[in-house]
Each structure stands twice: as structure tokens, then as C-alpha cells.
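As C-alpha cells, the structure follows; a few thoughts come after it.
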Amino acid sequence: MKFVLASNNIKKLGEMRAILSDMGMEVISQSEAGVNVEVEETGESFEENALLKAETVMRAANMPAIADDSGLSVDALGGRPGVYSARFGGDGCKSDHERCEYLLRLMENEVLRKAAFVSVIVCAFPDGRRISARGECRGEILREFRGAGGFGYDPLFFVPEYGQTMAEMDAGLKNSISHRARALRELKIKLEKSDLK
């Protein structure tokens, strides 16, 4: 089964390809599908944004599209940054590093540092069918950066059972335990149970 990824994020494309290829699914980029759209994420939940992106790209490409909306949910911040993870801190935070520093400032006096990476993935098909799945990876926010891999909040997100941040993990481990991997495994089960071929 072939999907076009509703994202222009090269790192996300690589991660999705690595996970989905093991499941027998092919993911192509928007440019490979001849599509050049940037979807404005106006939803108030991961589910709303993923559906919006998948439907927009599916219509533009006239082929099945897969979209992921994901982010960091910090317990002490009432679930923030949530859907605003990529825009956290506003105009003052232009890079992943600056957003991480902003998060550290907000969390400076917090003792309870539990958090979760959340991913919602939606497949939209030209015939109107929609399939969605949700995955979470629980962890905690460190007080300093650790690791050089990954992207986003990975250098601050510590997974206790592995004793590493997401940025310290090798790609194979991260791709097996991440929120996105968990959502994709659930999605694969749903696709197999459906009549989608």
C-alpha cells in the first residue's frame, strides 16, 4: 500500500519510512507525488490537525495520504505545549533548541516532571474512508540537554526504562518505542482488520 505523507518535514518522512517499510507500506513525499501544499494547523487537538492534513494532501494528490500530528504533553504544564509543540514560545523561539530552552525555563521550579510524547496518525482515502490511531510514550523532562540525535524535544525527554533520552537512543530503538511507532503499530492492525488493500 502506498501513501503520500502530509508533511514537508524530512526527518519525519525518514522516520515514517523506516517504521512503515517494515510493515510492508510505502510512503512517498509530497514532492514525489507532485504536491506542494502547506496545511495550516487550525485544530485544537492532535486528532483534528492530523485529519485536516491528511484530507488536504489526499485531495491534492488524489491518492491515499497519511498524516501525523504529534507533540509533547507535559503534566506540570497542563498538557502544554500539546498541538503547539512546534510553535511553542512564539516568535521568540525559532529553532528546536530555543523551544527546548524555553521549556526548561518554564519547568525550572517544577519537581514533578512527567510528560508524554503523543502521536495521532490519520489515513485518508479518496473514497472517503478514514482510519486513525493514537500512540504515547511516557517519560520525564530532564533539567539539561542529553544526546545529539533525534529532533524537537528529544534531548530533554528521558525514558526511565531505557535510561536514555530520545536523543541518546539509536534510531532502531527509538523507532521501536516512540509515540509514532506505537501509533503506527495500532494503525497497521486497523488497516489489516479493514478491507483496505
The strands (runs of 3 or more DSSP E) lying entirely within the range 89-161 that contain at least 2 residues which are in contact with a Cys (Cβ under 9 Å, 6 or more places away or on another chain), in contact (Cβ under 8 Å) with a residue 40 or more places away in the chain and closer than 30 Å to residue 194 by Cβ are 114-124, 130-141
Condition first: within 18 Å of residue 98 (Cβ to Cβ) and of a type outside the set (D, E, K, R). Now tell me which residues in the range 141-163 satisfy that. 141, 142, 145, 147, 148, 150, 151, 152, 153, 155, 156, 157
If I filter the range 162-194 down to residues being touching a helix residue (DSSP H, G or I) at 6+ places or on another chain (Cβ under 6 Å) and part of a loop (DSSP other than H, G, I, E, B), which single residue comes out as surrounded by the fewest Cβ atoms within 10 Å (Cβ to Cβ)? 167
Do any residues in the range 7-21 that are under 10 Å from residue 175 (Cβ atoms) have Cβ atoms under 6 Å from those of residues that are assigned to a helix (DSSP H, G or I), where the two are at least six apart or on different chains, and which pairs are they? 18/175; 19/175; 19/181; 19/184
Select from the range 38-49 the residues that are touching a helix residue (DSSP H, G or I) at 6+ places or on another chain (Cβ under 9 Å), surrounded by fewer than 17 Cβ atoms within 10 Å (Cβ to Cβ) and part of a helix (DSSP H, G or I) and list them in ascending order. 48
Given the conditions (1) of a type outside the set (Phe, Trp, Tyr); (2) part of a helix (DSSP H, G or I); (3) in contact with a Lys or Arg (Cβ under 9 Å, 6 or more places away or on another chain), report the number of the one that residue 52 does not fulfil. (3)
Within the range 52-73, take every residue that is out of contact with any helix residue (DSSP H, G or I) (no Cβ under 9 Å at 6 or more places or on another chain) and buried (at least 20 other Cβ atoms within 10 Å of the Cβ) and give me the one that is farthest from residue 115 (Cα to Cα). 61
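Values quoted throughout were computed directly from the atomic coordinates according to the rules given, and no laboratory measurement underlies them. Because the structure is a prediction, the values reported are computed rather than measured. Reconstructed Cβ throughout: ideal geometry from the backbone, glycine too, with neighbour counts over all protein chains shown.
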